[in-house]
Each structure stands twice: as structure tokens, then as C-alpha cells.
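Comments concern the structure below.
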Amino acid sequence: MSTDDQATPSNIAIYPFDARGVAKRFRHAAIFGALDALAPGEAMRFVNDHDPLPLLRQMAERFGDTVSITYRERQPAGVVIDFTRLA
């Protein structure tokens, strides 16, 4: 899994996922399900009320280098991250 601050190419489909509206006990399962549903080249724009470092570690174990991470916004009040399916 790669992490960068580069722009997401404009030719990929980006699907919104606002984790703030998902019950905390269901969030990781819902996120993994959404990532599993992405085709290569598609992205999920993830919005959350905190930086999800434990989730990112779990994603690295599960997806390896098949998902890239691009922070769009990283503030104390929350984050916006593009997760792009590479393969």
C-alpha cells in the first residue's frame, strides 16, 4: 500500500464514503467491504472525524500494494483520504 500527497488522476471514478455516518463498531467492516467492491482504477473518497491510523495498518495487512492512499485533507478535526484500487 502506498501513501502519497499527489493529485488523483481526473479520469478515475471517485465514490464518496463518509465514515462519520457509520456506527463505530461497523466502520472497519463497511470500509473493507467498500474497498473490496472497487474495480482497479476506481477510488473511494473517505471522510472521517479523525486520522484512522489503526485502519491504515489493517488495510496494509489486507490489501498490500493494491490500494494507494492519498490524503486530501489532514486536520485535527478530521481527514479526507482517497483510497484508490490499483489491482
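The values are calculated or read from the model by the stated rules, or taken from the named source; none is laboratory data. Bear in mind the structure is a predicted one, so any value in this text is a computation, not a measurement. Don't worry about glycine lacking a Cβ; one is built from the backbone with ideal geometry, like all the others, and counts go over all protein chains shown.
Some points to look at:
- Reported count of residues in the range 26-76, each being part of a helix (DSSP H, G or I) and of a type outside the set (A, V, I, L, M, F, W, C), is 12.
- Here the range 1-53 is the region considered, the condition is being of a type in the set (Val, Ile, Thr) and modelled with pLDDT under 95, and the residue that is nearest to Gln75 (Cα to Cα) is Thr3.
- In summary, Arg27 fulfils each of the numbered conditions (1) under 26 Å from Asn11 (Cα atoms); (2) surrounded by 15 or more Cβ atoms within 10 Å (Cβ to Cβ) with the single exception of condition (1).
- Complete set of residues in the range 61-81 that are under 15 Å from Arg20 (Cα atoms) and among the small types (Gly, Ala, Ser): Ala77, Gly78
- Residues of the range 35-52 classified as hydrophobic (A, V, I, L, M, F, W, C) and either in contact with a Pro (Cβ under 6 Å, 6 or more places away or on another chain) or exposed (fewer than 15 other Cβ atoms within 10 Å of the Cβ) (or both), total: 2
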